[in-house]
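The values are calculated or read from the model by the stated rules, or taken from the named source; none is laboratory data. Since we're looking at a predicted model, the values are computed, not measured. Glycine also receives a Cβ, built like all others from the backbone with ideal geometry; neighbour counts cover every protein chain displayed.
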Amino acid sequence: MAKDTTGRMRVTVKSGGRMKLSSKLWLERQLNDPYVAQAKRDGYRSRAAYKLTEIDDKFRLLKSGMAVVDLGAAPGGWSQVAAKKVGAADGRGKVVAIDLLEMGEVPGVTFAQLDFLDPSAPERLREMLGGGADIVMSDMAANTTGHRKTDQLRIVGLVETAAMFASEVLKPGGTFLAKVFQSGADASLMTELKRDYASVKHVKPAASRKDSSERYLLATGFRGGAARDAEAAAEAE
Ligand SMILES: C[S@@+](CC[C@H](N)C(=O)[O-])C[C@H]1O[C@@H](n2cnc3c(N)ncnc32)[C@H](O)[C@@H]1O
């Protein structure tokens, strides 16, 4: 039986033409998970909402009036948190979100069902955004094959593509937040991000399961395309 990136056993079930992951262990965890119960009480679509809330409480990323891109948004917990913090429902801020899956409407959030790896995705997102972004955040998790090396490459590929997109749309001073998995495979990405952002670190919120290798890469203080290109040109001389 294959394992996913959290190391848990994975059973693949076909449902309505869509592949669904399930397991007895996963179900037990859901039932005993305080964040799942809390999310129900607070009206959040997912327990993931608390990961973003925690990161934001600590680093004060989301502010009223900001423009946010949410990659891999379904079922919508992060979009709900971001929409509330930036004031998207009353038009102060903006949240644009995409996912491979459908997502129920979140007030103030512009959503498109779209594969981020599709060549048309960046342009579509730029159209939805209609300007620069203050934050690009990605909670995307690539589908796993069970083959460790392949899975690591897919995961890193997804984050690198998200980072590249972030560097195209972020305003100077902007933030890139992305889910990664502890593997060391993101070392070269870290080096690039350190060149493009004032601060780059890994964060692991308490709501992220301890036995999971999941963590988040937080890059703040985007230096902006012009500054970055000048630095690269100086290095090349
Ligand atoms: C952990 S979930 C996100 C949970 C979400 N942040 C929340 O708070 O509800 C990861 C999502 O990434 C999406 N995803 C994975 N690869 C993607 C891709 N290439 N393009 C768009 N979405 C993708 C999956 O469909 C899945 O819904």
For this session: Looking at (1) within 16 Å of the ligand (Cβ to nearest atom); (2) at pLDDT 95 or above, find the lone condition where residue 38 falls short.
Result: (2)
Problem set entry | Within region 159-192, tally of residues that are within 14 Å of residue 70 (Cα to Cα) and of a type in the set (A, V, I, L, M) | 8
Problem set entry | Single residue of region 78-104 satisfying the filter (assigned to a helix (DSSP H, G or I) and under 14 Å from residue 140 (Cα atoms)) that is nearest to the ligand (Cβ to nearest atom) | 78
Exercise. Can you spot a residue in region 60-67 that is hydroxyl-bearing (Ser, Thr, Tyr), loosely packed, with under 15 Cβ neighbours inside 10 Å and either within 27 Å of residue 221 (Cβ to Cβ) or within 13 Å of the ligand (Cβ to nearest atom) (or both)?
Worked result: yes
Seminar exercise, completed: Taking region 205-226 and the residues there that are outside any loop (DSSP other than H, G, I, E, B) and more than 16 Å from residue 175 (Cβ to Cβ), the one that is modelled with the lowest pLDDT would be 226
For this session: Would you check which residues across region 68-90 are of a type outside the set (A, V, I, L, M), surrounded by fewer than 24 Cβ atoms within 10 Å (Cβ to Cβ), in contact (Cβ under 8 Å) with a residue 12 or more places away in the chain and under 17 Å from residue 133 (Cα atoms) and list them?
Result: 72, 85, 87
Exercise. Can you find a residue in region 160-168 that is over 15 Å from the mean Cα position of the chain (by Cα) and part of a loop (DSSP other than H, G, I, E, B)?
Worked result: no
For this session: Mind listing whichever residues of region 105-139 are away from the ligand (no atom under 14 Å from the Cβ), in contact (Cβ under 8 Å) with a residue 60 or more places away in the chain and not in a loop (DSSP other than H, G, I, E, B)?
Result: 129, 133, 134
For this session: Select from region 43-64 the residues that are among the hydroxyl-bearing types (Ser, Thr, Tyr) and outside any helix (DSSP H, G or I) and list them in ascending order.
Result: 44, 46, 64
